[in-house]
Amino acid sequence: MKKAELAQARIRRIRVPRFEHINRQIPPEAHTSMYVWHKYWSRKTWNVVGEHIKAYTREHEVVFDPFAGSGVVAIEAARNKRRPIVCDLLPVANRITELTLRRVNTTKLMEAFDRVRERVQKQIEDLYIIHCVKCGSPLVADCFVRDGDDLVEVRYKGCPHCEHRCESGCKPRKKDVHALDDLERKRIKEWYPKNQLYYDDGEPFKEKQRFDSLDGLFTKRNLRATAMLYEAIEAESSPQIRKFLLGAFTSMVHLGTKMMPVSDPSPSHHHTYFSSPGWTQHSYWYASQYKEQNVWDKFESAMIGHQGLIKAKNESNSALPEVKITHNWEEVLAGEADIAIITEDCIELMKKMPDECVDYIFTDPPYDASVQYGELSYLWNAWLKEDFRYTEKIVAHKSCGTSGRRSRLKFITHYSTTVFRDFIASCGLSAI
């Protein structure tokens, strides 16, 4: 068509595509390994998210999630051939999302795990050597029960010499108590985070309880074992493989802390006499009696257990398409990448994004202060050395009933009204 003809041409009215609203209940389906290999709070149900994305978008359209969390929206958008742009302030959240989406050769990952095993398994297990309460032979304990700093029980699945099994009530031998005292007086030469559980203005974390710093969450023995394991992982030469190993590391590091309550198993519980129910409280809480768990056992389970990283990656490699991941949202809009995972304040990000660049927004903001995502993630981010100043941007951290909290709630309301309203309008969308 010539320019003169183009100037006189009539452009027909553009019709916005219609869709059928979801007006039915979507029964939630259980999360599989690729969704639960790493702990995270308030994880959205994958099939419910997927149904919404399929109902309100078409293939190759852009889906935006400004509070990505562990990445369920990104995963379901990718699975359904959409182009997600997801954002979260917390580095570990984006690390979980990326490692779930990014393909990896699990054979090479297993080879790397075996190298870590060769470097450090024996040295870590030596920290847990005790003597059988029946025959006195040395063995590696599965876990201990401690009351404060005192060792009150030893537990093991079976003595390799007399086959004695100790599930509960087994008191440690005096020489094992003395050996532990000697061990815990020794300096730990490996690196570990010593971050204080306080904000930059000196205010304590809302979810800080007894402990003042991250290293205080661990017994000296488990802090040593965890630092040794971290150092062995850091020795891996491949940055990509090292990132996956560190993902398995952060998925279990909290299991080596004093936050693991003692609870005897029952048919309805997933834990045993040799494991704990896990990090059950949304705080850095203190159990008066707690299980001191074998750090190597926890890492091995995080890698090759029934909810471990290897199983999760075998599933995600099969279930998800091969995608190009970027940390630059502009590459997704330009068609140069499939997924953007961005570590940034979502408000600042939305100010940069152009009008009408997003087709669908799926968001679940962290209203109020019921779950302190930033504070609770601090343990993982610090071990990843990704903790630099991100706490400055955490909004909802004040205790209930203070004037500061009220002012922050006004700011959160601003998140959900003015800011999102303006961004949604700029994309030509309406709220559902």
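The values are calculated or read from the model by the stated rules, or taken from the named source; none is laboratory data. Everything quoted here is computed from the prediction, not taken from an experiment. Note: ideal-geometry Cβ built from the backbone for every residue, glycine included; neighbour counts use all protein chains shown.
Assorted remarks:
- Flag for K220 being in contact with a strand residue (DSSP E or B) (Cβ under 6 Å, 6 or more places away or on another chain), of a type outside the set (G, A, S) and surrounded by 13 or more Cβ atoms within 10 Å (Cβ to Cβ): no
- Of the residues in region 193-200, none is crowded, with 16+ Cβ neighbours inside 10 Å, under 20 Å from S263 (Cα atoms) and either at pLDDT 95 or above or in the same structural domain as T257 (by TED's automatic domain parsing) (or both).
- Residue check for E348: closer than 21 Å to V92 by Cα, surrounded by fewer than 18 Cβ atoms within 10 Å (Cβ to Cβ) and free of Cβ contacts under 8 Å to residues at least 60 places away in the same chain: yes
- Members of region 71-123 found to be touching a strand residue (DSSP E or B) at 6+ places or on another chain (Cβ under 9 Å) and of a type in the set (G, A, S), listed by number: G71, A74, A77, A78, A93
- Pick from region 204-250, criterion free of Cβ contacts under 8 Å to residues at least 40 places away in the same chain and not in a helix (DSSP H, G or I), ranking: nearest to F113 (Cα to Cα): S237
- Test: residue in region 365-374 that is aromatic (F, W, Y) and without any contact (Cβ under 8 Å) to a residue 60 or more places away in the chain: yes
- Residues in region 76-134 that are hydroxyl-bearing (S, T, Y) and crowded, with 19+ Cβ neighbours inside 10 Å were compared, and the one that is nearest to I339 (Cα to Cα) is T97.
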